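Chemist: Quick one: structure below, then a few questions.
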Amino acid sequence: GVLFGFRDDYLKIVWVVGKSGMGKTEAARQLVARRNARLVTAAESWREGYLDALTDFALAIDVPQPKSTKGDPKAWPSKGTAERAIMKQLAARPGILCVNEVEFFSRRILNMLRAIADQTQTIVVIFCVPDFYREILEQGGAYAHQLRTRTEGVVWLDEIEFGDVTKALTMFWPALAAEVLKAASKELRDYVNGFGGWRALKRIIRNLRGQ
């Protein structure tokens, strides 16, 4: 509901926050599959290379690539040219833009996402870990304030609960003794919340079933 029930036109940023393995990437893929969202995944090169980030954004939203005199179809003559092309495309074809792995972001990239929310009808969904979210939005100053005032909502992906693990185990081993089930569920819950989340739980159960 938070993605599609916006109260004000300028509130077009949604944060999806969760630890590694809690389902952020899967949630982004579901938006792509069910809502025809566009997905761009940040990379290490974005930390210092703003033009690298712009190139990846342009490719994700099908911006026609410029002709390069150097033979590189992804080359843009300038950062400003790339920014204007992205804005023009999103203004003409608004929708949902998912951005994953934002730990590689620079402030300049976040400013571009804010500009997208300001200047187009595109909904920007930012997927990140809790530390990054707190670092960005809990700091003071005009920069953080600008992001907060454009945020429609925050979706927190919670850690795996004891009952989640119990349900998964009994689905495949309904005859497990109660004391075994309780002990196994606690051990698995503690492990997967620290190492890999849902992905780790699925992998462990798949391996156990194969034994």
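The values are calculated or read from the model by the stated rules, or taken from the named source; none is laboratory data. Note that this is a predicted model, so its numbers are computed, not measured. With ideal geometry, Cβ positions are generated from the backbone for all residues, glycine too; neighbour counts draw on all protein chains shown. With ligands, DNA and RNA removed, areas are computed over all heavy atoms of the protein, side chains included. Shrake-Rupley method; radii C 1.70, N 1.55, O 1.52, S 1.80 Å.
Chemist: Within segment 40-50, track down each residue that is over 14 Å from the mean Cα position of the chain (by Cα) and open to solvent by less than 80 Å² (accessible area, probe 1.4 Å). So that I can check it myself, show each step before the final result.
Modeler: Here is the first cut: in segment 40-50, the ones over 14 Å from the mean Cα position of the chain (by Cα) are 44-50.
Scanning segment 40-50 gives SER45, TRP46, GLY49, TYR50.
Chemist: In addition: SER68 - would you say it is open to solvent by less than 50 Å² (accessible area, probe 1.4 Å), more than 25 Å from VAL154 (Cα to Cα) and either modelled with pLDDT under 90 or outside any strand (DSSP E or B) (or both)? Even if it seems obvious, please write down each step before you answer.
Modeler: Values: open to solvent by less than 50 Å² (accessible area, probe 1.4 Å): yes; more than 25 Å from VAL154 (Cα to Cα): yes; either modelled with pLDDT under 90 or outside any strand (DSSP E or B) (or both): yes.
So SER68 fits the description; yes.
Chemist: Checking ILE109 against (1) in a helix (DSSP H, G or I); (2) touching a residue at least 40 places away in the same chain (Cβ under 8 Å); (3) open to solvent by 50 Å² or more (accessible area, probe 1.4 Å): exactly one of these is not met. Which one?
Modeler: So the condition that ILE109 fails would be (3).
Chemist: Only one of these is surrounded by 18 or more Cβ atoms within 10 Å (Cβ to Cβ), at pLDDT 80 or above and touching a Ser or Thr at 6+ places or on another chain (Cβ under 9 Å): ALA60, ALA85, ALA37, ALA53. Name it. If you could, list the steps in order and put the result at the bottom.
Modeler: Numbers: ALA60 fails: surrounded by 18 or more Cβ atoms within 10 Å (Cβ to Cβ); ALA85 fails: touching a Ser or Thr at 6+ places or on another chain (Cβ under 9 Å); ALA37 fails: touching a Ser or Thr at 6+ places or on another chain (Cβ under 9 Å).
Criteria check complete, one pass: ALA53.
Chemist: To continue, here is another question. Check segment 90-106 and report whether any residue there is open to solvent by less than 50 Å² (accessible area, probe 1.4 Å) and free of Cβ contacts under 8 Å to residues at least 40 places away in the same chain.
Modeler: Checked against the condition, which is being open to solvent by less than 50 Å² (accessible area, probe 1.4 Å) and free of Cβ contacts under 8 Å to residues at least 40 places away in the same chain, segment 90-106 yields at least one hit.
Chemist: Could you tell me which residue of segment 119-135 is most open to solvent (accessible area, probe 1.4 Å), considering only residues that are more than 12 Å from the chain's Cα centre (by Cα) and either at positive phi or at pLDDT 90 or above (or both)?
Modeler: Taking the candidates together, the pick is GLN119.
Chemist: What residue, of ALA142, ALA115, is open to solvent by 10 Å² or more (accessible area, probe 1.4 Å), among the aliphatic types (A, V, I, L, M), at pLDDT 85 or above and assigned to a helix (DSSP H, G or I)?
Modeler: Numbers: ALA142 fails: at pLDDT 85 or above.
Checking each option against the conditions leaves just ALA115.
Chemist: Determine whether segment 10-18 contains at least one residue that is farther than 16 Å from CYS98 by Cα, modelled with pLDDT under 85 and open to solvent by less than 30 Å² (accessible area, probe 1.4 Å). Spell out the reasoning first.
Modeler: Taking segment 10-18 as the starting set, the residues that turn out to be farther than 16 Å from CYS98 by Cα are 10.
Add one more test, that the residue is modelled with pLDDT under 85, and what stays is 10.
Next cut, open to solvent by less than 30 Å² (accessible area, probe 1.4 Å) only: none.
Looking for residues that are farther than 16 Å from CYS98 by Cα, modelled with pLDDT under 85 and open to solvent by less than 30 Å² (accessible area, probe 1.4 Å), one finds none in segment 10-18, hence no.
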